[in-house]
């Protein structure tokens, strides 16, 4: 066996080892299976190239070239599908998925009938070399096909890297981006670009460059736990079932996720998400969540799961309670804040049961939020004397003696 053939079989064993590792993982999602599909394409391409390269029979070389074209033609399709799911844009329904793989299937069917990437193979000094099919229109269609696919892949990966907050998650995306980009360039330099410039046949070593692809993915898999998380859509489905308002923001106040209750309440015409680039101030047009409280909470250095809870009144004079929870990713890198805003039935209950006015309800909300009389006066633009007067009336109507009793009453009404 020649050195290229030995290298090809070594890479095949490496790819098979990764396939076994992924398939024996305790949790296998669509991303896992698409990752295996990418590796199988590389294995088929490498195996066909190795068998053809090691043969001395011309007809055997042609036969293995046609078989290996499956890996070359379907690799862009699996890569695009993998990237769509990895970046949270999993195509819904069967039709979009069929469209992703349909061009590859058509080109593969053509390649079984005739040569499409290489016109012919010749032996030069005992080495098989291919003659690229520069004059064949199908050749240029194939080049345009996988060029468009890889361009979409790079755009999706780049946008995901920009939107990721966690350092380790960002490095994971950068490694995947770099490994696919470098390999895609190497796949085209020797078989097509250099032979065209030097006017000579092409060495059929391109599949060996798959090691760059596999090494990059392996690093992301081994050291940055690629595929070791649950799909984002599962997280979104769980939060969508909650009737309270649920909003997730990153450390730059971008709205990463908002459930249906939040969308209906604040901005029905906008769908929050990484692609929307929506700031919290643009999404919530009221004083339920103040930038000051969020900034203090984010920069407080509290541990994962730390909770800040406070009360507020919206423009409709409803009493709300907002819970802020700091979240970290699996590498303990700060990720963002989960906000759960609850419309308290106690607001309506207090107002109806004790006959409180709207202004008195505003005072109750601020008192429960642990505001001093001076702060209440500043927020409501009234004097401290008026605040004390409102509190006296509130204590009389609710039969409470002080702020502590009033807070306990509000919590007891939930």
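No lab work stands behind these numbers, since they all come straight from the coordinates. Just so it is clear, the structure is predicted and the values come from calculations on it, not from any experiment. Please note: Cβ atoms are built from the backbone with ideal geometry, for glycine as well, and neighbour counts cover all protein chains shown.
Laid out as a table, the results:
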item	result
Pairs of alpha carbons in segment 1-148 whose separation is greater than 20 Å (percent)	55 percent
Backbone N within segment 175-208 under 18 Å of label point (7 Å from residue 215 Cα along the Cβ vector)	175-190, 205-208
Quotient of Cα Rg and 2.2 N^0.38 Å for segment 345-414, N being how many residues it contains	1.00
Estimated FRET transfer efficiency (residue 162, residue 98; beta-carbon r; R0 25 Å; 0.05)	0.25
Euclidean distance of C-alpha centroids, segment 115-179 and segment 198-216, integer Å	11 Å
In range of the label at residue 140: residues from segment 184-211 whose backbone nitrogen is under 12 Å from the point 7 Å along Cα→Cβ	none
Relative exposure of 224, 395, judged by other C-beta atoms within 10 Å (fewest first)	395, 224
Residue order, fewest to most surrounding Cβ atoms within 10 angstrom, among 11, 362	362, 11
Cβ-based exposure ranking for 20, 263, in which fewest neighbours within 10 Å come first	20, 263
